[in-house]
Amino acid sequence: MCSSYIEITPLQLNAPLTGETINMVLLRHPHCSRLLFETFYAHFSLDPSLGNQEYRQEVLLPEKKQQFIESLEKVKQITDDEVLRSMYELIENTLRTNFYIPKGAEDTGISIKLDSGKIAQMPDPVPFREIYVHDLGMQGLHLRFGSVARGGLRWSDRVDDFRTEILGLVKTQQTKNVVIVPVGSKGGFILKNTPIEREEAILESKKHYRRFISAMLEITDNIDHRARYSLQPCCYL
């Protein structure tokens with residue numbers, strides 16, 4: 001879970017931060033880090049002792065937020081404070097995740113769905129929803145600008161700024177879709193270690209494409225004459 005948000009933070013906020021920098025911030029402030037995890041756990045855990053979704057939203061999560069805000073009083077460095085607040089904001093505005101869904105040993109993808117419009121530092125244009133997928137050999141992202149949207153997926157080679165690439169593509173897609181549906185969507189993924197040989201790289205990309213799709217589908221509702229909702233302990237939308 002931590003690795004996912006460490007990777008998401010600089011991508012989402014278009015900030016000059018590295019995963020190593022964010023990791024060091026978390027290590028310097030273990031109390032804040034623990035509260036970040038506890039907030040995520042309170043949102044999505046299958047633990048019945050945490051209560052139902054209504055209790056979590058009205059009682060448990062406000063308590064965790066207050067505890068986190070108080071913990072920031074001990075953080076003296078401005079950059080550290082900004083990183084911690086940004087990570088909390090991402091967790092707070094996570095609508096769904098497959099983190100707690102029982103999976104097989106090979107199902108290593110973690111998907112996180114964000115309510116992008118509620119994230120203050122999100123660069124323009126701000127998507128309606130965003131799904132981020134973290135896997136051992138892949139990072140993936142899907143942006144859409146409405147509940148009904150149309151667009152494709154791509155294998156990107158822009159490891160450091162693939163979100164910027166996808167955001168640019170979805171802006172173009174919105175223009176194309178103006179006479180079809182109101183808004184566009186676009187997704188893409190990168191390989192963390194692309195094989196040198198072309199054939200091997202293609203095979204690897206196909207494998208991770210399937211993992212990317214599977215991880216997104218785990219947190220997506222299936223509409224077939226009637227709504228069949230994804231197997232989520234807590235869906236916030």
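The figures follow:
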read-out: Checklist (1) buried (at least 16 other Cβ atoms within 10 Å of the Cβ); (2) at pLDDT below 95; (3) closer than 28 Å to Leu167 by Cα applied to Arg56, failing item; value: (3)
read-out: Test: residue in the range 37-51 that is outside any helix (DSSP H, G or I), within 19 Å of the chain's Cα centre (by Cα) and in contact (Cβ under 8 Å) with a residue 12 or more places away in the chain; value: yes
read-out: Residues of the range 153-179 classified as modelled with pLDDT under 90, touching a Lys or Arg at 6+ places or on another chain (Cβ under 6 Å) and β-branched (Val, Ile, Thr), total; value: 1
read-out: Looking only at the range 2-24, and only at residues there that are at pLDDT 75 or above and not in a helix (DSSP H, G or I), the one that is surrounded by the fewest Cβ atoms within 10 Å (Cβ to Cβ); value: Thr18
read-out: Any hit, the range 67-75, residues being assigned by TED's automatic domain parsing to the domain that holds Leu17, of a type in the set (Phe, Trp, Tyr), in contact with a Cys (Cβ under 8 Å, 6 or more places away or on another chain) and not in a strand (DSSP E or B); value: yes
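The values are calculated or read from the model by the stated rules, or taken from the named source; none is laboratory data. In this text, all values refer to a predicted model and were calculated from it rather than measured experimentally. Cβ atoms come from the backbone with ideal geometry, glycine included; neighbour counts cover every protein chain shown.
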